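Participant: One structure coming up, written as structure tokens, with questions to follow.
A short reminder: the numbers here are calculations on the coordinates, not readings from a lab. Bear in mind that the values here come from a model prediction, so they are computed numbers and not experimental data. Cβ placement follows ideal geometry from the backbone for every residue including glycine, while neighbour counts extend to all protein chains displayed.
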Amino acid sequence: MTQRMHPLVAQAREQLAQGKLHRREFLRTVTLLGVSSATAYGMAGGILGENLVDPAMAQSGETPQAGGILRVGMQVQKMDDPATYNWVEMSNQTRHTLEHLAITGPDNVTRPMLAESWEPSDDLMVWTFNIRPGVTWHNGEELVADHVRWNIERWCDPVLGSSNIGLSSIGALMENVDEEQRLREGAIEVVDDYTLRLHLNKPVLSVPEDLYNYPTAILHPSFTAPFSANPIGTGPYTLTELAVGDRCILRRITETTDGQPFEYWGGEVYLDGIDYYNFDEDNQLVAFAGGDVDTIYEFGIEQLEFAKALPGTIEEARTAQTLCCRFQVDQAPFDDVRVRQAIVKGVDNTVYRDLVFQGSGDVGWNHHVAPVHPEYFELPPLERDVEGARALLAEAGYPDGLEVTIDVGNTDGPWHQTVCEIMRDQLQDVGVRLNINVMPASRYWEIWDKTPFGATAWTHRPLGTMVLSLGYRADVPWNETKYADPEFEAALDEAEATFDVDERRAKMERVEKILQDSAVMVQPVFRPVFTIVGDQVRNLQAHPTQYHQFNKVWLAT
């Protein structure tokens, strides 16, 4: 339990009472400041005059039954190095074996996990994490702060190439040395076996939230890749079988590798095991209908009517998942901003939501911040300008038009190709001939950060600032556009360091506008996510990032 209430909590309570802060943003913010989720819900309920209960504490009225295997339809992928994972599916296969310092639930509230609590300094530049005592690794050792230090230092090694470097909290531990980012001396302090302190070089509010980004799972320091060969974790399950493209079998841990009884720190877990069976996105619903699995990773909007006819519960989540049809700004012809702006002007972003998702989801405006993000600033809508696009192409040296090719992997389903086909038809009017090179999903992920023009799926992050830091800061591993703008980064730094929600949202206007004007992508829609859950499955909720959190799931008989 945090020993003191951060002074910004009082400010958040006042803003909630004045209507300046939405309940969802209040809950998210005060839990990041170290308030427990149960206390945060109680605070909000008292201020708003509502009976609010932390969903993590709510009781369904049924007595959970122990036993059984949950069967899940999802692509089964390799499990090499969790710090360099680039698919959510990989992390789901690992999530119940490896755990994180914090966990963000479907309600967007971040709660303690391997960290029992945390406390930020008043200026949000020093973060103290209290490591949960009594957490046992599968090899019988106890988790200590030095294990966490080892992980964070590893993420900061540029040789590893972990995307975690792009997180604001991890980036704030680093400094530029001889044109290369390195961990600052003294940035990570091990106070004692159960206390770790991070000394940042700038204020960051989202540190606990960042630490549930899927490549931030905490590994045992004995780790060597691949993880699947020696899966030591702290979670209630371990990997017993992996056949890439076929199955991933997880079973409850009952004893450690040194023969001692294993007691999971997180209380009672009901399932005996979790079995992932390989089905591509367009076949997962068919597998559910045939009784081969109890739930699935996802199904597409084109299968919604079929899903409605099946027994089970459809779960839909509004998300910030999106498709970025992005340019590499250092590759011709996209190194000319006029070419990029011409393509952007030739596209009508407003039609994609209706044509692709039957009106579900949200319109995107080419800056990668979604309406579900708490700091979203609503810029004036972009209007299609065919003549302006033609004029820009002519000015750039293409008076007779331009032919370009976009690489598409349909990594989240055929809707990627549909988006590109709509864009192709729109761009014909401005003299851009767009070829669509469709390739297998696995092949696309081999070239996603190399192709000059590619359609890349980005998963949901709870904050727009988080995804912008991961994808658009200079030299971060996931900067597939090769975009580099000091003005953009300075504006993003300002927004990240601002606590007041109205002020932060106002600062995001400049951040979004700089990126939008730079025309690094056509990003016209944020998609909804659909899954389906069998009638016998209890306590399974859809997560907007499609993270599987099954520790309290159980099967009714």
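Participant: Given H placed 1.01 Å from N in the peptide plane, which residues other than close sequence neighbours of R132 have an amide H under 5 Å from its amide H?
Facilitator: Here A115, E116 satisfy the definition.
Participant: Now for a separate question. May I ask you to evaluate 6.51 cos²θ - 1.76 cosθ + 1.60, the Karplus curve with θ = phi - 60°, for each residue of the range 407-422 and list the ³J(HN,Hα) values in order in whole Hz, giving x for glycine and proline?
Facilitator: 8, 9, x, 6, 5, 10, x, x, 5, 4, 5, 4, 4, 5, 5, 5
Participant: So, by mean Cβ neighbours within 10 angstrom, what's the order for 223-230, 21-28, 451-458, 47-54 with the highest one leading?
Facilitator: 451-458, 21-28, 223-230, 47-54
Participant: Here is a follow-up. Taking Cα centroids, how far is the range 252-280 from the range 385-434 in Å?
Facilitator: So the separation of the two Cα centres works out to 50 Å.
Participant: On to the next question. Once phi is turned into ³J(HN,Hα) by the Karplus curve 6.51 cos²θ - 1.76 cosθ + 1.60 with θ = phi - 60°, what whole-Hz value does each residue of the range 109-123 show in order, with x for glycine and proline?
Facilitator: Ordered by residue, 3J(HN,Hα) equals 9, 9, 10, x, 10, 5, 8, 6, 6, 8, 9, x, 5, 4, 8 Hz.
Participant: Could you sort 240-252, 406-418 so that the peptide with the highest average Cβ count within 10 Å comes first and the rest follow in order?
Facilitator: The packing order, highest mean first, is 406-418, 240-252.
Participant: Using a Cα-Cα cut-off of under 16 Å, which lysines could be cross-linked to K202, ignoring same-chain neighbours fewer than 8 residues away?
Facilitator: none
Participant: Distance between the C-alpha centers of the range 520-557 and the range 157-174? Whole Å please.
Facilitator: 28 Å
Participant: Per-residue counts of other Cβ atoms within 10 Å, averaged by peptide: what ranking do you get for 288-297, 32-41, highest first?
Facilitator: Top of the packing list down: 32-41, 288-297.
Participant: Structure shown: which of K450/K513; K450/K482; K482/K507; K345/K507; K78/K308 lie over 21 Å apart, alpha-carbon to alpha-carbon?
Facilitator: Exceeds cut-off: K450/K513; K482/K507; K345/K507; K78/K308.
Participant: What value, in deg cm²/dmol to 500, does the helix sum -39500 (n - 2.57) over DSSP H runs of n ≥ 4 give at 222 nm once divided by the residues of the chain?
Facilitator: Values: 17 runs with 156 residues, N = 557.
When only DSSP H runs of four or more count, the value is -8000 deg cm²/dmol.
Participant: Would you please give the residues with an amide H less than 5 Å from that of R111, counting only those at least 5 places away or on a separate chain, with H modeled from the backbone geometry?
Facilitator: I103, T104, G105
Participant: If amide hydrogens are placed 1.01 Å from N in the peptide plane, which non-local residues have theirs closer than 5 Å to the one on V432?
Facilitator: Under 5 Å from the amide H of V432 lie the amide H atoms of L402, each far enough along the sequence or on another chain.
Participant: Okay, next question. Just to check I understand the Karplus step: with θ = phi - 60° and J = 6.51 cos²θ - 1.76 cosθ + 1.60, what whole-Hz values come out for the range 236-250, glycine and proline as x?
Facilitator: x, 10, 10, 6, 10, 7, 9, 10, 4, x, 9, 8, 9, 10, 10
Participant: While we're looking at this one, here's another question. Taking the dipole about the Cα centre of the chain, with the C-beta of Lys and Arg at +1 and of Asp and Glu at -1, give me whichever of V144, G233, A102 is farthest to the positive side.
Facilitator: The listed residue farthest towards the positive side: A102.
Participant: How far is the Cα center of the range 460-490 from the Cα center of the range 333-375, in Å?
Facilitator: 17 Å
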